[in-house]
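Q: I'd like to ask some things about the structure below.
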Amino acid sequence: MTATDAAAAMAAATTQSRRRDLGTASARSLLLTVLGEFVYPRGSHFWTSTLLNALGTLHIEEKSARQAISRASSEGLIDSARSGRRVRWSLTPAGEELLRGGSARIYSFLANEHEWDGQWLLVSVAVPESQRKLRHRLRTQLTWLGMGSPSPGLWVIPAAEKADEVSTVLASLGLRKSAFVWSGTWLDIGEREDLIAAAWDLDAVAEKYAEFLHAFEPTDGLPPADAFAAQVHLVQAWRRFPFLDPDLPASLLPSNWNGQEAADIFRSCHATWHEAAQTAWDQWEDEGARG
């Protein structure tokens, strides 16, 4: 190996390490990402050996991979059918629904700049400290909608059109009757920047975007297995941002905001690796079909 080849191999290994560190996840989480990327879009069946090869490429040991598959089955996300001594899997309706929602959020996130009409949505809802599970569910679901909480019991978002989604969340948690919801424009009393800083930790989100940008670049010509691993780590790392980033209008963001740059890199990398990654999956499926 020449010095140039050695340097290239070391650089590739360093990049892969950054991706794994950034996207460190459980076998189950990686399994769901794989299903969302390579099974759900095809609407097809898959062999156990295909998943074992796929997760093995992601450095998941076979025992952990089989446990993740078994757990997904027990949760009703995938279903099995015997083919001789082998097992063929397919997504259940519940699994398809889960992956449909996740895929839509991942690929639509920061896809287009949105206009803002200046309207804010505010929600006041108090949940007793004794109902911690309910408080956690409320926080999780409102955060997923992009809302921030500048003070206890108060949630805000510069998107009045999300009132119906908020109403659905409150109704599902049995909190609709105890909540107060209203919309309106910002009055020039107090500092808007202070509200934003109290509701959302944008500095922390910007740091996560910087880590993402450091870990990924659209490297062309990767072998199929490497492209598969790169794409899964890419999606695994990106899928957290719809939960972390409230996707505020540009006029409310810092001038040096790096979210859109990260979104562009995500789409560029995905497009670069997609075909080779799909080839890897096809090869593992062919091996599984041959037994």
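The values are calculated or read from the model by the stated rules, or taken from the named source; none is laboratory data. Quick caveat, the model's predicted, so the values are computed rather than measured. Using ideal geometry, Cβ is built from the backbone for each residue, glycine included, and neighbour counts are taken over all protein chains shown. What goes into the accessible areas is simple: the full protein's heavy atoms, side chains included, and nothing from ligands, DNA or RNA. Shrake-Rupley method; radii C 1.70, N 1.55, O 1.52, S 1.80 Å.
Q: May I ask which residue of Phe228, Pro150, Ser172 lies farthest towards the positive end of the charge dipole of the chain, with charges of +1 (Lys, Arg) and -1 (Asp, Glu) on Cβ and the Cα centre as origin?
A: Farthest towards the positive end: Ser172.
Q: Taking all protein chains in place and a 1.4 Å probe, what share, in percent, of the accessible surface of the chain do carbon and sulfur account for?
A: On the way: 8070 of 15770 Å².
It is 51 percent, rounded to a whole number.
Q: I need the P(r) histogram for the chain: all alpha carbon pairs, bin width 10 Å from 0 out to the longest distance, whole percents.
A: 6, 24, 28, 23, 14, 5, 1, 0
Q: Report the Stokes-Einstein translational diffusion coefficient (µm² s⁻¹, integer) for region 88-177, Rh taken as the Kirkwood radius over Cα pairs, at 20 °C with viscosity 1.002 mPa s.
A: Stokes-Einstein gives a translational diffusion coefficient of 142 µm²/s.
Q: Need the full-extension length gain, Ser64 to Ala94, defined as separation in residues times 0.36 nm minus the C-alpha distance. One decimal, nm.
A: Numbers: separation 30, 0.36 × 30 = 10.80 nm, distance 2.30 nm.
Using 0.36 nm per residue and subtracting the Cα-Cα distance, I get 8.5 nm.
Q: Answer rounded, prolate or oblate for region 51-91, using the Cα gyration tensor with square roots of eigenvalues a ≥ b ≥ c: rounded when a/c is under 1.5, else prolate when a/b is larger than b/c, else oblate.
A: oblate
Q: Another question, if that's okay. Quick one: helix 93-108 against the long Cα principal axis of the chain, what's the angle to the nearest 10°, folded into 0 to 90?
A: For helix 93-108, the angle is close to 70 degrees.
Q: Which longest run of the chain has no exposed loop site in it, a site being GluC sites (Glu not before Pro) in a DSSP loop with at most 14 other beta carbons within 10 Å, and the site itself not part of the run?
A: 192-291
Q: From Cα pairs below 8 angstrom and at least 6 apart in sequence, can you work out the relative contact order of the chain, rounded to a whole percent?
A: On the way: 334 pairs, mean separation 69.5, N = 291.
With pairs under 8 Å counted, the relative contact order is 24 percent.
Q: Compute the helix-to-body angle for 62-74: its Cα long axis versus the longest principal axis of the chain, expressed 0 to 90° and rounded to tens.
A: So the inclination is approximately 50 degrees.
Q: Could I ask something else about it? Can you tell me, using C-alpha contacts under 8 Å and at least 6 residues apart, the relative contact order of region 102-156 as a whole percent?
A: 37 percent
Q: Any idea how many Lys pairs in the chain come in under 30 angstrom at the alpha carbon, given 8 or more places apart or on separate chains?
A: Values: Lys133/Lys162; Lys133/Lys177; Lys133/Lys208; Lys162/Lys177; Lys162/Lys208.
Eligible lysine pairs with Cα atoms under 30 Å apart amount to 5.
Q: Would you mind calculating the gained length between Ala104 and Glu129 on full extension (0.36 nm times residue separation, minus the Cα-Cα distance), in nm to one decimal? Don't skip to the end; give the middle numbers.
A: Values: separation 25, 0.36 × 25 = 9.00 nm, distance 3.40 nm.
So the extension gain works out to 5.6 nm.
Q: Another question about this same structure. Between Ser80 and Ser29, what FRET efficiency comes out of the Förster formula 1/(1 + (r/R0)^6) with R0 = 30 Å and r the beta carbon distance, rounded to 0.05?
A: 0.90
Q: For Ala250 and Thr219 in one chain, what is 0.36 nm times their gap in residues minus the Cα-Cα distance, to one decimal in nm? Intermediate results must be reported in sequence, preceding the final value.
A: Working: separation 31, 0.36 × 31 = 11.16 nm, distance 2.96 nm.
Extra length from Ala250 to Thr219 when fully extended: 8.2 nm.
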